[in-house]
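The values are calculated or read from the model by the stated rules, or taken from the named source; none is laboratory data. These numbers come from a predicted model, not from an experiment. No Cβ is skipped: glycine too gets one built from the backbone with ideal geometry, and neighbour counts run over all protein chains shown.
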Amino acid sequence: MTAPAVPMTQQREREGLMDWMMTVDHKKIGILYLVSAFAFFIVGGIEALLMRTQLGTPNNTFLSGEVYNQIFTMHGTTMIFLAIMPLSVGFGNYIVPIMIGARDMAFPRLNALSYWLFLFGGIFMYLSFVTGGAPNAGWFSYAPLTETQFSPTHGMDYWVLGLQMLGISSLAGSINFIVTILNLRAPGMNFNRLPLFVWMTLVTSFLLIFAFPSVTVAITLLFFDRQLGTNFYLARQGGDPLLWQHLFWFFGHPEVYIMILPAMGIVSEVLPTFSRKPIFGYTFVAYSGVAIGFLGFTVWAHHMFAVGMPPAVNAAFSLSSMLIGVPTGVKIFNWIGTIWGGNIRLSTAMLFALGFIAMFIIGGISGIFLASPPVDYQITDTYFVVAHLHYVLFGGSILGLFAGAYYWFPKMTGRFLNESLGKINFWLVLIGFNLTFLPMHWLGAEGMPRRIYTYHAGFGWDFLNLIQTIGAFTIALGVLVFVYNLAISLRAGKPASSDPWDGATLEWQTSSPPPAYNFAVLPTVNSRRPFWDAKHGGHEQDSMPKVPAGMPHDEILVHGQEHAFHMPSPSIYPLVLAFGIFVAMFGFLYMHDLPPLGPLPINPLVILLGVVILFYAVFNWQNEVSAGK
Amino acid sequence: MEHSVSHSAHEHEMGSLGVDTKKLGMWTFLGSEVMLFTALIATYLVFRGKSVAGPTPQEAFADVTIVAFNTLVLLCSSLTMVLAHEGVERGDRKRFFAFILATAALGALFLSVQVYEYTKLINVEGMGLGVNLFSASFFTLTGFHGAHVSIGVLLLLITALRGWRQGFTKEFPLGVEMIGLYWHFVDLVWVVIFTLVYLLR
């Protein structure tokens, strides 16, 4: 081994809030993502509790219909765009560069910009609650319900412009992941050795860059309809509400895989570790993820079976939708094969991963039901659909993310989460989850429509709805236990070594938490389980050349025996740039509302102010780069 | 554009894929842009013939001379962009500045002609965002493209300014090449738009 490297820092370390605002370290940005997204998850959860309280008893007046509409719209929007996606991005940010043996993401400042745009986008959407009403047309925002005639408040405008910010954030983040994973791999880390979480993050990023532009166009057209008097979605002017549905679901269905694939990646890391076996059928697990990604672009119209497309079209989309069951099934069999005969440790992370498999299978099977147009005609827009989507998104994504939290918390903090509390957390969430969502299958089959804010007594829905409400509060209790666990473990959790689970991938090779530069000497990879082999000598060292300090692009300055390398300097300008966009969005939002201030029209001035801030940030950002920082 | 992980002693930062990191980022971005314009063009095509009121594309685009001229302008700007990049690779300052400014000027000329065309369409043909679907989807599509050209012109001018103030640093040719990728992409999109919107009216 060569002598340890020392990082060259060009600026003194900043502390406290400024440090977090200026950070370009992928690990800190990862933590920012995780903390903010978890906060949004709590808010989305509170919205769910409000809905369940309203629906717990028939003819309830706890929430009015209008408020209920806002709450369920923001619940969906929050959980999808502000919780599950950024939680996955948070783990990806923290773990992916370490897993591939890199020192940071490819574009650290762009990474910071992605985070700040996400945060400002989320705040922007939530400001609508205090400025005259949140969006209220569902997270899918079907036209013409979203047109000014039916949604006269600014709620939809907040939704559109907030989503634009989240879109730029996701696009920038995905480009960063793709370039990082393709180009910053350590020597020997070829595609057949990439950890599966990295594989799934790569597929997810490709899905995002190809799917998101579709909804960008959809919401731009909607905004033009609302603010500039066009008629894209207004049938009476020849426009077509179905255009919205096609553009939206062309994004919306890949989005489903954007949310589930990272969780599948996490599970594919957790199961082998706690079964003390390599993943069963690595190539199948990796390439079935790629197959899901490709097929994900061919199924969007299965969300639209009931709108009256020709039978041949419905049949084609039904076929492609069912086809997705094949690579998904391949993954499930491989996971079962992984734990089969393994030396299983039922840690909390493992419990959540096993819970993921079980719940995801139920969600997958109800998905096959919905992929069949005749069945879909019967149960579309009922609670059956709500049951299905929560089994894959909560039973799938969220349980997978919990597994990731228990698995990687020791790496991120140097302390374990409490395992006893973890098990209470797991069982409360799992039991509460099934109490909440299993009865929805029956209610849906009996015809209870989704998105209604109340129902009459005597339909036979009362008992199951009450059970669901009890279940929802049980989930909430489980999440509270998790929050408590976080709080006590951060301060007084059992100290964790650098390799607390006897892991196989590179993140366990560096300290817990890792230093800013991740690895003093970047690793050379000889197998799919580089760290396992280093510990247990499982793999013959092949003829890979040893590269002393990292990848070719690392600047290596030799000072005696020490290797030095540059780490990117912190910068405030990603935050400033995101803030500029945030300001400009208000100008667009109130395009027609604000009265002119004397002779000066206010809105163009607000937009101008935002653009000036934006250019100021770009200019200084560029200068910092030119100055070689 | 972006500040990459480490400043390299090498001219290009060849990563594990064998491609420069920043260039790979630009290609990925353009991949996403393809989908953006696909959605916009699809919207325009879906609404073809669906307008309930005039004017129609046949009336508005009866004479495409001026747009054909504009297409020529943009195509020429791709040529000058290539020559500017060649100039910077050779270290030929005169050649570089002449051609990058020519590229920016051609871009600006394209935008001016587009503004003239818009004014004519609005004032003479009676088009407007709220007039009919054809107008709305036409202005949205070409407006998005025009915005891309505007950003391109701005980037070209900034690049020229950087080359003027800081000289040809080691990373400079790569910056020029990346602007070039973007510029050719925007040009290519225009060829598709010109064909589908104006020629196949």
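Pairs linking a residue in region A:413-426 that is closer than 12 Å to A:GLY493 by Cβ to a residue that is among the basic types (Lys, Arg), with Cβ atoms under 7 Å and 6 or more positions apart or on different chains, are A:ARG415/A:LYS494; A:PHE416/A:LYS494. For residues that are at the interface with chain B (Cβ under 9 Å from one of its Cβ atoms) and without any contact (Cβ under 8 Å) to a residue 40 or more places away in the chain, scanning just region A:153-189, find the one that is surrounded by the fewest Cβ atoms within 10 Å (Cβ to Cβ). Looking at residues that are at the interface with chain B (Cβ under 9 Å from one of its Cβ atoms) and without any contact (Cβ under 8 Å) to a residue 40 or more places away in the chain, I get A:LEU182.
Take the conditions touching a Gly at 6+ places or on another chain (Cβ under 6 Å) and not in a loop (DSSP other than H, G, I, E, B) and apply them to A:GLY355. Does it pass? Answer is no for this residue. Across region A:63-92, the qualifying residues are those that are among the hydroxyl-bearing types (Ser, Thr, Tyr) and closer than 15 Å to A:PRO135 by Cβ, and the one among them that is farthest from the chain's Cα centre (by Cα) is A:TYR68. No other residue among A:ILE470, A:ILE475 is touching a Gly at 6+ places or on another chain (Cβ under 9 Å), in contact (Cβ under 8 Å) with a residue 12 or more places away in the chain, crowded, with 20+ Cβ neighbours inside 10 Å and under 30 Å from A:GLU66 (Cα atoms) apart from A:ILE475.
Does A:TRP508 fit the bill of being under 17 Å from A:MET99 (Cβ atoms), in contact (Cβ under 8 Å) with a residue 40 or more places away in the chain and not in a loop (DSSP other than H, G, I, E, B)? Spelling it out, A:TRP508 is indeed under 17 Å from A:MET99 (Cβ atoms), in contact (Cβ under 8 Å) with a residue 40 or more places away in the chain and not in a loop (DSSP other than H, G, I, E, B). Can you find, within region A:225-239, the residue that is farthest from the chain's Cα centre (by Cα) among those that are within 9 Å of chain B (Cβ to nearest Cβ) and of a type in the set (D, E, K, R)? Checking each candidate, the answer is A:ARG236.
A single member of A:PHE280, A:PHE251, A:PHE274 is surrounded by fewer than 24 Cβ atoms within 10 Å (Cβ to Cβ) and touching a helix residue (DSSP H, G or I) at 6+ places or on another chain (Cβ under 6 Å), and it is A:PHE280. Taking region B:38-55 as the region of interest, how many residues are surrounded by 16 or more Cβ atoms within 10 Å (Cβ to Cβ) and more than 8 Å from every other protein chain (Cβ to nearest Cβ)? Going through region B:38-55 one residue at a time, the tally reaches 5. Among the residues of region A:447-465, just one is of a type in the set (D, E, K, R) and outside any loop (DSSP other than H, G, I, E, B), namely A:ASP462.
Only a single item in (1) modelled with pLDDT of 95 or more; (2) in a helix (DSSP H, G or I); (3) aromatic (Phe, Trp, Tyr) is not met by A:TRP20, and it is number (1). Considering A:LEU222, A:LEU242, A:LEU207, the condition of being touching a helix residue (DSSP H, G or I) at 6+ places or on another chain (Cβ under 7 Å), surrounded by fewer than 21 Cβ atoms within 10 Å (Cβ to Cβ), more than 9 Å from chain B (Cβ to nearest Cβ) and in contact (Cβ under 8 Å) with a residue 12 or more places away in the chain is satisfied by A:LEU242 alone. Considering only residues that are in a helix (DSSP H, G or I) and more than 17 Å from A:VAL479 (Cα to Cα), which ones fall in region A:408-430? Listed by number, the residues that qualify are A:TRP408, A:PRO410, A:LYS411, A:MET412, A:THR413.
Does B:GLU117 qualify as being away from chain A (no Cβ under 14 Å), over 21 Å from B:PHE185 (Cα atoms) and surrounded by fewer than 21 Cβ atoms within 10 Å (Cβ to Cβ)? Here the answer is yes, as B:GLU117 does meet what is asked.
Can you pull out the residues in region A:225-236 that are touching a helix residue (DSSP H, G or I) at 6+ places or on another chain (Cβ under 7 Å) and part of a helix (DSSP H, G or I)? Hits for region A:225-236 are A:ARG226, A:ALA235. When B:LEU155 is tested against (1) more than 14 Å from every other protein chain (Cβ to nearest Cβ); (2) within 16 Å of B:MET26 (Cβ to Cβ); (3) surrounded by fewer than 21 Cβ atoms within 10 Å (Cβ to Cβ), just one condition goes unmet, and that condition is (1).
Set side by side, the residues A:LEU194, A:LEU202 differ, and just one is out of contact with any Ser or Thr (no Cβ under 7 Å at 6 or more places or on another chain), surrounded by fewer than 24 Cβ atoms within 10 Å (Cβ to Cβ) and either among the hydroxyl-bearing types (Ser, Thr, Tyr) or more than 10 Å from chain B (Cβ to nearest Cβ) (or both), which is A:LEU194.
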